[in-house]
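A quick write-up on the structure given underneath.
The values are calculated or read from the model by the stated rules, or taken from the named source; none is laboratory data. The structure displayed is predicted, hence computed values, not measured ones. Cβ atoms come from the backbone with ideal geometry, glycine included; neighbour counts cover every protein chain shown.
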C-alpha cells in the first residue's frame, strides 16, 4: 500500500477450527480491494485488517498474529502484534508444516480464579487457590517433578500452621517408588494431620499415599478404584550388577510390605499374599482391608460436622434352624 492508504477490517477465528480474516483496503486514487485470509484456531475476535493489509499474500499459522486496523499511516506499514498465548503453538505448527508429522496437542489450560480484594482484583490459578484452602492435589503419574511440588506444598502448609489439617486429593496410577516414598516420608514428617481423599484411582504407590493419611481421615469416593501390587523394575548390564539391582528391588518389596502392614493393621503374610499380583479393590473392599476409613457420598453440608457416608452393608443373617417335625392332621 502506498502513502495515505488506510486499512480497516476484522478477523474471526473459530475455536479449534480454521477461521477466516476479512479485510477491506482503500488505496491511493480511490482503489479498493477485498481479501480473505485463513486464521487457524484464534477463538476470539481479532482486531485488524488481516485481509486488507496482507491482501491474501500471507498465511498465518495458529492465529498467532494480531494487527491494529482502522488506521491511516502515511508511508508506514502496519506493525504485527504477537499474541503470547499462541505464539509458541504457532511456531510448532510452522516447524511441522509440510513434514507430515502430527503436532502434539497444546497443554491443557489451567483455570484462573479472580478474587475481589480491598486493593482490587487478584488472579490465582486454580491450584494456587486450592492451596490457600490447604488442599494439595496428587494428580497423574508420580515422578520426581510431581514429588518436588507436593513436598514443597506440604512444607509450606506446615510452616503456616502445624495444627490445621492438610487435605491431599489423589488420582494417580502410581509411578516411581523413590518419588512416592519421598512424599510418604514428608507426610509422616509434618505435624499437621494429613487427610487423604481418593478420587478416580489410587493405584500402586498412590494406594500407599492413600493409606498413609492420618487414621480416621482417609477417604474415598464411591466409584474410585484402589490397586495394590509389588514393585516392578528392570535391570541390564553385567551379571553382578543385575544381582545388585535384584537384591535392591527385593529390599524395596519387603520395606513397602511393612509400610502397608503398619497402616492397614493386616498381618504381614496377608499383605505379602495380596501384593503378589495386581489386586483391585472397590472403596468398600479397601475400607475392610484397612487402606481407608470412610467412603463418602457427599461432603459435609453447611452447618453439619460429619459428611454423608456410604453405610456398611449388614452381614447376611444366618438361616434359622429347622423346627421339630409336625405330625399330620388327624394323627393320634
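Points to keep in mind about this one:
- Beta carbons closer than 6 Å, at least 6 apart along the sequence or on distinct chains, pair a first residue in region 238-259 that is touching a residue at least 40 places away in the same chain (Cβ under 8 Å) and assigned by TED's automatic domain parsing to the domain that holds residue 206 with a second that is outside any helix (DSSP H, G or I) and surrounded by 11 or more Cβ atoms within 10 Å (Cβ to Cβ) for 252/231.
- Scanning region 144-155 for residues that are without any contact (Cβ under 8 Å) to a residue 24 or more places away in the chain and over 16 Å from residue 175 (Cα atoms) turns up 152, 153.
- Residues that are assigned to a helix (DSSP H, G or I) and exposed (fewer than 15 other Cβ atoms within 10 Å of the Cβ) do occur in region 189-205.
- Residue, farthest from the chain's Cα centre (by Cα), within region 161-180, restricted to residues that are farther than 19 Å from residue 255 by Cα and in a strand (DSSP E or B): 166
- Selection count, region 233-272, where residues are in a helix (DSSP H, G or I) and within 19 Å of residue 206 (Cα to Cα): 16
- Enumeration of residues in region 271-298 that are under 25 Å from residue 222 (Cα atoms) and loosely packed, with under 15 Cβ neighbours inside 10 Å: 277, 278, 280, 285, 288, 297, 298
Quick grid of which residues meet (1) part of a helix (DSSP H, G or I); (2) in the same structural domain as residue 279 (by TED's automatic domain parsing); (3) buried (at least 19 other Cβ atoms within 10 Å of the Cβ); (4) in contact with a helix residue (DSSP H, G or I) (Cβ under 9 Å, 6 or more places away or on another chain):
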site	(1), (2), (3), (4)
106	no, no, no, yes
109	no, no, no, no
145	yes, yes, no, yes
182	yes, yes, no, yes
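- Selection within region 116-136 - part of a strand (DSSP E or B) and in contact (Cβ under 8 Å) with a residue 12 or more places away in the chain: 124, 125, 135, 136
- Residue among 227, 168 that is touching a strand residue (DSSP E or B) at 6+ places or on another chain (Cβ under 6 Å), under 19 Å from residue 285 (Cα atoms) and surrounded by 17 or more Cβ atoms within 10 Å (Cβ to Cβ): 227
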